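Visitor: Below is one structure. I have some questions about it.
The values are calculated or read from the model by the stated rules, or taken from the named source; none is laboratory data. The model shown is predicted, which means the values in this text are computed figures rather than measured ones. Backbone-built Cβ (ideal geometry, glycine too); neighbour counts: all protein chains shown. Heads up: the accessible areas ignore ligands, DNA and RNA and are worked out on the full protein's heavy atoms, side chains in. Shrake-Rupley method; radii C 1.70, N 1.55, O 1.52, S 1.80 Å.
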Amino acid sequence: MQTTSGTRHNTVEAVICDMDNTLFDFVGAKREACRCVVDYIGAGDPEALFSRFISGTYGFEDHRNIRGYLDDLGVYDPGTFEVCCRTYEDVKLDRIEVYPGVEETLRHLADAGIRLAVATDAELVQARRRLGRTGLIDLFEVVVTPEISGKRKPEPDSLLYALRRLDTAPAAAMMVGDSPNRDIAPGRRLGMVTAFAAYGDWHGNGPADAGADIVLARFSELADHLGIPGR
C-alpha cells in the first residue's frame, strides 16, 4: 500500500467507484468473449479481435468491431454476425468475476455510513446488467453513466452528478478507479481524495504515474485507508 502524506482519508463521507476493472475483471471477461467468437468462426486470433475493441476506431463495446473483424477474415454474413454478437455479449456477461473483497468491503463501508456511487463510461443498460450479474447493484445509491451526466470521463460531469445526488462536497469524497486519465485526473481536479486501483490496471500504468493519493493493491484496503475499524 502507498499513500501520499497530508490526504484527508478520515474525513471521507462518500466513495465514487469506477466500474469495469475496478469492481470486477471486465477485460478478462472481454478477452474470453473474443476467444469464444473466434472459436465459433473457426479462424482468426482472439487478441486480434480484442485489439479492435481498444483501437479507438469505434467504441469499446461497439459491435462494429466484430463486423470489421469478420470483414477482414472474409467470412461476414448477417447470420454469422448476429451469432457472433450474441456470443460476445453472453460470454462477456457470464465471465465477469468480482475482485476479491469487493462486496464485503462495500458492505463494510456502507455500514460505517459511507455513501456509495458508481461513475462509469459504460452505457446504462450495460452497467445495470453487469452490476446485476455480479450482485453489486443494490450496494450503490447512485449509478451514473454518460446518458445521465451528458459527458464521458475524463470530463468531470459524471463525478459531479454523483456528488450532487449524494449531497457530498468534492473535498469530502473519494474517487476510486483503474485509469489515471479517466478516473484519477478528474477526481484530483475536483479536489477529491483519489485511490488508484492498481490491481485492475490492465494498461500497465505504474503506481507512480497514476498521481493518486492512495494506491490499492486490493480493493479491501479501502477500509483501512478510510480509518474504518476492521470487520
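Visitor: Quick one: how many residues across segment 163-187 are touching an Asp or Glu at 6+ places or on another chain (Cβ under 8 Å) and open to solvent by 30 Å² or more (accessible area, probe 1.4 Å)?
Guide: Looking only at that region, the number is 2.
Visitor: Ok, one more. Only one residue in Tyr69, Tyr58, Tyr40, Tyr76 is among the aromatic types (Phe, Trp, Tyr), touching a residue at least 40 places away in the same chain (Cβ under 8 Å) and farther than 30 Å from Gly191 by Cα. Which one?
Guide: When all the criteria are applied, what remains is Tyr40.
Visitor: Could you grab me the full set of residues in segment 42-69 that are in contact with a Cys (Cβ under 7 Å, 6 or more places away or on another chain) and aliphatic (A, V, I, L, M)?
Guide: The answer is Leu49, Ile66.
Visitor: Do we have Glu47 as modelled with pLDDT of 95 or more and open to solvent by 50 Å² or more (accessible area, probe 1.4 Å) here? Lay out the reasoning, then the answer.
Guide: Working: modelled with pLDDT of 95 or more: yes; open to solvent by 50 Å² or more (accessible area, probe 1.4 Å): yes.
In short, yes.
Visitor: Still on this model: Pull up segment 1-44, narrow it to residues that are among the polar types (S, T, N, Q) and under 21 Å from His203 (Cα atoms), then point me to the one that is modelled with the lowest pLDDT.
Guide: Within segment 1-44, the subset among the polar types (S, T, N, Q) is 2-5, 7, 10-11, 21-22.
Still in the running and under 21 Å from His203 (Cα atoms): 2, 21-22.
Values: Gln2: 41, Asn21: 97, Thr22: 98.
So the residue we want is Gln2.
Visitor: Now for a different question. Can Leu163 be described as aliphatic (A, V, I, L, M), in contact with a Cys (Cβ under 8 Å, 6 or more places away or on another chain), within 25 Å of Gly191 (Cα to Cα) and touching a residue at least 12 places away in the same chain (Cβ under 8 Å)?
Guide: Taking the combined requirement at face value, the residue does not satisfy it.
Visitor: Considering every residue within segment 149-162, establish whether at least one is in contact with a strand residue (DSSP E or B) (Cβ under 6 Å, 6 or more places away or on another chain), open to solvent by 30 Å² or more (accessible area, probe 1.4 Å) and within 20 Å of Asp213 (Cα to Cα).
Guide: No, because not a single residue in segment 149-162 is in contact with a strand residue (DSSP E or B) (Cβ under 6 Å, 6 or more places away or on another chain), open to solvent by 30 Å² or more (accessible area, probe 1.4 Å) and within 20 Å of Asp213 (Cα to Cα).
Visitor: Quick check on my filter: what residues within segment 200-216 are more than 20 Å from Val98 (Cβ to Cβ) and either modelled with pLDDT of 75 or more or part of a loop (DSSP other than H, G, I, E, B) (or both)? Outline the logic, then answer.
Guide: Kept after step one, since they are more than 20 Å from Val98 (Cβ to Cβ), are these residues of segment 200-216: 203-215.
Selection gives His203, Gly204, Asn205, Gly206, Ala210, Gly211, Ala212, Asp213, Ile214, Val215.
Visitor: With respect to Glu89, is the statement that it is under 21 Å from Val118 (Cβ atoms), surrounded by 15 or more Cβ atoms within 10 Å (Cβ to Cβ) and modelled with pLDDT under 95 true?
Guide: no
Visitor: Can you tell me which residue is most open to solvent (accessible area, probe 1.4 Å) among those in segment 193-215 that are in contact with a Leu (Cβ under 9 Å, 6 or more places away or on another chain) and without any contact (Cβ under 8 Å) to a residue 40 or more places away in the chain?
Guide: Ala198
Visitor: Looking at segment 88-115, which of its residues are in contact with a helix residue (DSSP H, G or I) (Cβ under 6 Å, 6 or more places away or on another chain) and among the aliphatic types (A, V, I, L, M)?
Guide: Within segment 88-115, Val91, Leu93, Ile96, Val98, Val102, Leu106 meet the criteria.
Visitor: Can you name the helices (runs of 4 or more DSSP H) wholly within segment 1-96 that have at least 2 residues being aromatic (Phe, Trp, Tyr)?
Guide: Helices (runs of 4 or more DSSP H) meeting the threshold: 26-41, 46-54, 78-94.
Visitor: Related question: Taking Phe219, is it within 17 Å of the chain's Cα centre (by Cα), buried (at least 21 other Cβ atoms within 10 Å of the Cβ), within 14 Å of Ala119 (Cα to Cα) and at pLDDT 95 or above? Explain how you work it out, then say what you get.
Guide: Working: within 17 Å of the chain's Cα centre (by Cα): yes; buried (at least 21 other Cβ atoms within 10 Å of the Cβ): yes; within 14 Å of Ala119 (Cα to Cα): no; at pLDDT 95 or above: yes.
No.
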